[in-house]
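**Student:** For reference, the structure I am asking about is given below.
The values are calculated or read from the model by the stated rules, or taken from the named source; none is laboratory data. What you are looking at is a predicted structure, and each value in this text was computed from that prediction instead of being measured. Quick reminder, even Gly has a Cβ in these numbers, built from the backbone with ideal geometry, and neighbours come from all protein chains shown. For the accessible areas, the whole protein counts, side chains as well, though only heavy atoms, and no ligand, DNA or RNA atoms are used. Shrake-Rupley method; radii C 1.70, N 1.55, O 1.52, S 1.80 Å.
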There are 2 protein chains.
Amino acid sequence: MNHPAPPAAPTGTRRPLPPALLDALCAAFGERVSTADAVRTHHGRDESPFDPQLPDAVVFAHSADDVRQVVALCALYGVPLIPYGAGSSLEGHLLAVRGGVSLDLSEMNRVLSINAEDLTVTVEPGITRKALNEALRDTGLFFPIDPGADASIGGMTATRASGTNAVRYGTMRENVLGLTAVLADGRVVKTGSRARKSSAGYDLTRLFVGSEGTLGVITEITLRLHPLPEAVSAATCTFPSMGDAVRTVIETIQIGVPIARVEFVDALAIRSINRHSNLTLAEAPTLFFEFHGTEAGVKEQAELVEALAGQNHGQGFEWATRPEDRSRLWAARHNAFFAMLQLKPGCRAVTTDVCVPISQLAACVEETETDLRASSLPCPIVGHVGDGNFHVAILIDPDRPEELEEAERINDRIVERALRMGGTCTGEHGVGLHKMRFLPKEHGDDAIDAMRAIKLALDPRNLMNPGKIFTC
Amino acid sequence: MNHPAPPAAPTGTRRPLPPALLDALCAAFGERVSTADAVRTHHGRDESPFDPQLPDAVVFAHSADDVRQVVALCALYGVPLIPYGAGSSLEGHLLAVRGGVSLDLSEMNRVLSINAEDLTVTVEPGITRKALNEALRDTGLFFPIDPGADASIGGMTATRASGTNAVRYGTMRENVLGLTAVLADGRVVKTGSRARKSSAGYDLTRLFVGSEGTLGVITEITLRLHPLPEAVSAATCTFPSMGDAVRTVIETIQIGVPIARVEFVDALAIRSINRHSNLTLAEAPTLFFEFHGTEAGVKEQAELVEALAGQNHGQGFEWATRPEDRSRLWAARHNAFFAMLQLKPGCRAVTTDVCVPISQLAACVEETETDLRASSLPCPIVGHVGDGNFHVAILIDPDRPEELEEAERINDRIVERALRMGGTCTGEHGVGLHKMRFLPKEHGDDAIDAMRAIKLALDPRNLMNPGKIFTC
């Protein structure tokens, strides 16, 4: 059971694909153009709860030249174009709400150059983060951003993705050094450079990071890499309350422990893990820590955090440096999503994505927990607590529309709460179709107008992934 | 001896200030409006080598409401407006090339809120970085960005400033979480939030960071703070060549040492320091290191770096943890600028600001040194080597125009070289008037057109600091 795109994403302006455009695409790309139902359906949906909205055609690009050709043809015929990477977006980013062409970039997946001395790599947009790290294996470097899914780097750039490592390594905002994009009118904009910093004009790089395909098609990305840590250690600890857990994290950050990951898992999620993996973990709010550094450094970090956890009523602090012991400690977190789904057989999860100042996190989660207790739906919580970002997995029966509506009401209240506390409606998933209605409240109408003015300055006919982030 | 603004900054469109505007400003702000020559001259120049270009009037703002009023009046009369902070910009950013009103924000210098748990502070734009750190003294936190001058936070935001700490703590790009700006038409845009990350729409924050006053007047800034390190240690080491020094830094970064500062000073600059401070430092390429961390951590960092320096022919590695010993080691670097000026009595320094990928830094500096040997001007070099950013202080006799011309020729060649090596014409000073001519070569005409389109979308009449970054 999916549900239709919200009214904020009008589909009324959908027009049939001009036959001449299809002819031109077929002439240029042959078998790399498809209008088959299965292919269009695959490209008309993502991991969001929305019903698919199909593009009229799909083109598989192999090069930046291909992209320029497709963009030029879409411009010529005034047809929308939606870049497609791995299809793992979560908020309806890929849905062809106004029809048009889906431009599949997954076969543009080459590593163009690795510059180990500069800690940079330049890639095509279709490469996935796992494939990238595989390509980096012998360099002693890695690309840390890990949103969970094996997303494409282009998609991660377009949604400003982050994940569990962001507390230490930043998000795509900090890790994209430059990119090349084809604008709606076919001009090619090259932003940034391989220099680590620059004050040379407007930050077009950061403008494209998080623009969700609405400003142009990204054809090349230069990323910052990081040295693989000499040593990695992990720890877990349970707490009597969310407040104690968050207090531990705040103090950890305040004393300058360069923690690499710190994840919160609530009691319900732990219960699901116990059932799923036949474990007997204490069913209490739990923090999972990961430390990166030298052998001595990770030991020192773990000791500092253990002391802080103890002062905040943490219990059962356990830490490990051997890979197999780390895996054991983190297994619960790694399996949390699938374990949670088994709390309700046959369910699917609607996940929320707010992010608040960390000082507000305990209050935000605790108010949310109170709210969730009034719902009949199971709602385990996991969070990237060092960033103030948490996800509620609202488990719904896909055959019961009223449960989806209930999930949406819960999500609405979580977003309202986060905004009231100085936070954002989306920490890392992006706006897509699903968060559009919250944007004016978060930023104010003037800021949305400014975004819209920028969009129309670069794409006056609104051809690039139209109907996403805001309406034009 | 200064020199006129380059032709890229046309002054021909300068019109007299409408008397009705001056009347309205005086009615609203009384004695906080000035047309006195001394005040206008003070606001018509910066630390660049350009001749002053005076605004027609100066208004001293005390509040965001004042800013909105002045912007509205300038909009009403179609008159340019230039935000003014501490006057420490280096590339002509503040010059009123088309006349208009200089809006002095230096008295909008309050700390609006400190959120120690979130490691954030919200300030007005006129506060300087030193005053900010003074206000943070009892919090255990600090704001690390240090461009040398005691610049205003608004100005540092507008130029995307950085400095010696950027290798560890990032630049203004990474440390501005959000801001409020008044656009040319009086609309107020609030960007970002106090959440550490967000994927909610276009990154307007990063668009304003580095926009040099051309998109609007920044009235409020939320910054990221950092915990004061438990321990700080410093070290110095000399090297037979720039290549050896840079190799040491590359390896330091590659093994993941979280170095806080690493500064390069060339043999000529060391000679100037020896003369200035009556020291006998080895007149060789020298690195100055600073380490932040725990007591054990900084010791380990220094030992790792010492080993790497030794492998790269470093000599005389010396490190210190006591404040007085650290000061002694860093004195040479701290005094470098004034010491260098004494290489040529009565001179002034024209400083360059390129930044290249660190793998290119040794080659860039060495080619530059070869080039400089053909010049009669003394040209000591210092650099933020961890970022690939270096400054040549070209020492000229202010009474000899041919020396300024020679300095400009040297600068041009340094920029060409940096661009050829994948770098940028300005690592941290900004574009202002001085780097405008290099921007198309660095970014390409299409990217400059995109910047111009964004500028005109937000400021269609080109009233906000016109004639900077690019011409409209």
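**Student:** Under 28 Å from the Cα of B:Lys299, which lysines turn up, not counting those fewer than eight places away in the same chain?
**Tutor:** Output for B:Lys299: A:Lys299.
**Student:** Here's a follow-up. Would you calculate, for chain A, the mean residue ellipticity at 222 nm contributed by helices, counting each DSSP H stretch of 4 or more residues as -39,500 (n - 2.57) and dividing by all residues, to the nearest 500?
**Tutor:** It lands at -11000 deg cm²/dmol.
**Student:** Also, I was wondering about something else. Using θ = phi - 60° and the Karplus relation 6.51 cos²θ - 1.76 cosθ + 1.60, list the HN-Hα couplings for segment B:31-38 in order, rounded to whole Hz, with x at every Gly or Pro.
**Tutor:** 6, 8, 10, 9, 10, 5, 3, 4
**Student:** Next up: Over the alpha carbons of the protein assembly as shown, what is the largest minus smallest coordinate on each principal axis, giving the biggest first in Å?
**Tutor:** 84, 61, 59
**Student:** Enter the Cα centre distance for the pair segment B:13-83 and segment A:366-380, rounded to the nearest angstrom.
**Tutor:** 56 Å
**Student:** Can you grab the distance from the C-alpha centre of segment B:253-293 to the C-alpha centre of segment A:210-240, Å, no decimals?
**Tutor:** 33 Å
**Student:** Follow-up question, since we're still on this one. Which whole-number percent is the relative contact order of segment B:294-420 (Cα, under 8 Å, 6+ apart)?
**Tutor:** 24 percent
**Student:** Would you mind getting me the FRET efficiency between A:Thr13 and B:Arg275? Use the beta-carbon distance for r and R0 = 56 Å, nearest 0.05.
**Tutor:** 0.15
**Student:** Still on this structure: Taking R0 as 22 Å, what's the FRET efficiency between A:Glu295 and A:Glu324 from their Cβ-Cβ distance, rounded to 0.05?
**Tutor:** Plugging the Cβ-Cβ distance into 1/(1 + (r/R0)^6) gives 0.80.
**Student:** Between the label point of B:Ala363 and that of the same position in each other copy, find the distances and list them shortest first in nm, with every label point placed 7 Å from Cα along the Cα-to-C-beta direction.
**Tutor:** 5.5
**Student:** Shielding by partners for A:240-253, please: the mean number of other protein chain Cβ atoms within 10 Å of each residue's Cβ.
**Tutor:** Taking all residues of A:240-253 together, the mean is 1.
**Student:** Taking every residue in B:293-306, how many Cβ atoms of other protein chains lie within 10 Å of its Cβ, on average?
**Tutor:** 3
**Student:** May I pose another question? With θ set to phi - 60° and the Karplus curve 6.51 cos²θ - 1.76 cosθ + 1.60, what are the ³J(HN,Hα) couplings of segment A:165-171 in order, to the nearest whole Hz, using x for Gly and Pro?
**Tutor:** 8, 5, 4, 9, 9, x, 10
**Student:** Under 21 Å between alpha carbons, and skipping anything fewer than 8 positions from A:Lys130 in its own chain: which lysines qualify?
**Tutor:** Within the straight-line cut-off, A:Lys130 pairs with nothing.
**Student:** Another question, then. Using a 1.4 angstrom probe on the protein heavy atoms only, could you order A:Arg15, A:Arg68, B:Arg40 from most to least accessible area?
**Tutor:** From most exposed to least exposed: A:Arg15, A:Arg68, B:Arg40.
**Student:** From the P(r) of segment B:300-372, can you give the percent of Cα pairs sitting at distances over 21 Å?
**Tutor:** Percent of Cα pairs beyond 21 Å in segment B:300-372: 55.
**Student:** What are the residues whose amide H is under 5 Å from the amide H of B:Phe50, where those residues sit 5 or more places off or on another chain and H is modelled from the backbone?
**Tutor:** It is B:His3, by chain and number.
**Student:** On a C-alpha basis, how far is the centre of segment A:401-435 from the centre of segment B:403-472 in Å? Whole number, if you could?
**Tutor:** 41 Å
**Student:** Right, next: For peptide A:415-428, how many partner chain Cβ atoms fall within 10 Å of a residue's Cβ, on average?
**Tutor:** Per-residue shielding by partner chains comes out at 4.
**Student:** For A:Ala72, go 7 angstrom from Cα along the Cα-to-Cβ vector, then report the distances to that same point in the other copies in nm, smallest first.
**Tutor:** Reported distances to equivalent positions: 5.0 nm.
**Student:** So, by mean Cβ neighbours within 10 angstrom, what's the order for A:305-318, A:270-283, B:18-31, B:381-394 with the highest one leading?
**Tutor:** Ranking the peptides A:305-318, A:270-283, B:18-31, B:381-394 by packing returns B:381-394, A:305-318, A:270-283, B:18-31.
**Student:** Compute the whole-percent fraction of alpha carbon pairs in segment B:402-462 spaced more than 19 Å apart.
**Tutor:** Value for segment B:402-462: 40 percent of Cα pairs lie more than 19 Å apart.
**Student:** Specify whether the C-alpha gyration tensor of segment B:1-120 places it in the rounded, prolate or oblate class, a ≥ b ≥ c being the square roots of the eigenvalues: rounded for a/c under 1.5, otherwise prolate if a/b is larger than b/c and oblate if not.
**Tutor:** Oblate.
**Student:** What is the set of long-range amide H partners of A:Asn389 at a cut-off below 5 Å, with H atoms built 1.01 Å from backbone N?
**Tutor:** A:Val356, A:His384
**Student:** Let me understand chain A better: what is its radius of gyration from the alpha carbons, and its Dmax, in angstrom?
**Tutor:** 22.5, 71
**Student:** On to the next question. For labels at A:Gln342 and A:Ala131 in the simple 7 Å Cα→Cβ model, what's the distance in nm?
**Tutor:** So the label points at A:Gln342 and A:Ala131 sit 3.2 nm apart.
**Student:** Provide the descending list of Cα extents for segment A:204-337 along its principal axes, expressed in whole angstroms.
**Tutor:** 50, 36, 30
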